[in-house]
Each structure stands twice: as structure tokens, then as C-alpha cells.
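Since every read-out is calculated from the coordinates, none of them should be taken as a lab result. Being a predicted model, the structure only gives us computed values, none of them experimental. Using ideal geometry, Cβ is built from the backbone for each residue, glycine included, and neighbour counts are taken over all protein chains shown.
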Amino acid sequence: MIDEVVEMGDSLVMADRHEVAAELERVITLLRLLRTASGEINMTTASTLSRLAATGPRRLGDLAQDEAVTQPAMTQLVSRLQREGLAERRPHPDDRRVVMVHITTAGRRLIREVRTRRAHLTYEVLTALPVEDTAAIAAALPALSRLIEMVAPHLQEGYPLIQVPSKKADVPRNPAPAQPPRSAPALAARQVD
């Protein structure tokens, strides 16, 4: 079922959002396989370290909620990260009863190394494609960047992703323009220090 027809240049593109969503799921699966193939740490570990690097110290319970795991599971993970020198527990500066989880320099280094290995592997996969396919993927990057910019803040704050209108009549005819997305190179260049 076609959701809408969009004019792009000299051609019309039929946009079936269900098909697009299914294909994006396949891309996500591929990226997960690339993560495994590159010898990376498991996804929960990588996600937890990345979150700590991006947002700063977090309470253990908040980390568990952010990562959608139980608090005992997060306690085990943080204990392992601490033994490996990738994270550490410190008392909260204002309330010594509260323990905060911090990423260490070694944890930041590991995340950078993992991202570098994955980027190299992804590059190798892309070089196997015909130039036209690589160009089509590059052309889709601005739209994917806008999707990330739209959804990521809601996920980080724990809010529902978006409010979906219940009826076609609820959709504004001329919605306000979205904020311009960051360029794909700027997104790719973002590193954890």
C-alpha cells in the first residue's frame, strides 16, 4: 500500500512507510551483525559506555532504566566494567548515599576503538557495492539524520517518540519546517573524547 507519492527531481517516488520501516529493520540487523563481526563488546556494554560518555555520570537505577534492563543486571554489568577498568562508582557530590557510575579514560578509549573498527568494516562493506548504490545511500543520509535528530531527544528523555495524528484530518497541511539536520560528515565526525 502506497502512503504517498513524492516528487523528487524528474521522477515520482512511491513511499510505502511499512516497506521503508521493514527495510530499515534489515539495515539495523546488518549493523548489529557488523558490530559482532568487528569483535566488539556486547550491545548493552557498548550502549552503557556510550551513554556514560555522552551524558556523564549516571545513577545505577537510571542506567538500568535507560538500557531497559533490570537493576540487578545493570549492577552486574557495572561491577564487570569496574573490574575491567572501564567504569567506576563514586559517591554523588551532594548526597554521599547515592552512587554515581562514571566512565573511565580506558572506557572512552574502548568506545573510540570500537567505533573506529566498525567504521572501517562498514567502509569495506560499502566498497563492495556498485557506485550507484553507494550514491543512493549517501543521498538518503540527510533524511536519516533528520530522523535521528527528531527521535533521539525523545528516547534520551524517556518520552514517547512522536505523537501520531489519529485521523488524516489532524495532519497539518503546511507543517512548520524542521530544524536543518547536521550534515552527515558532522554526525560521523562526532567522537567521544
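Here are some notes:
- Global size of the stretch 73-125 as Cα Rg and Dmax, reported in angstrom: 14.9, 49
- Dividing the Cα radius of gyration of the stretch 38-90 by its Kirkwood radius returns 0.93 for Rg/Rh.
- Estimated FRET transfer efficiency when R0 is 22 angstrom, pair Thr75-Arg96 (beta carbons, to 0.05): 0.70
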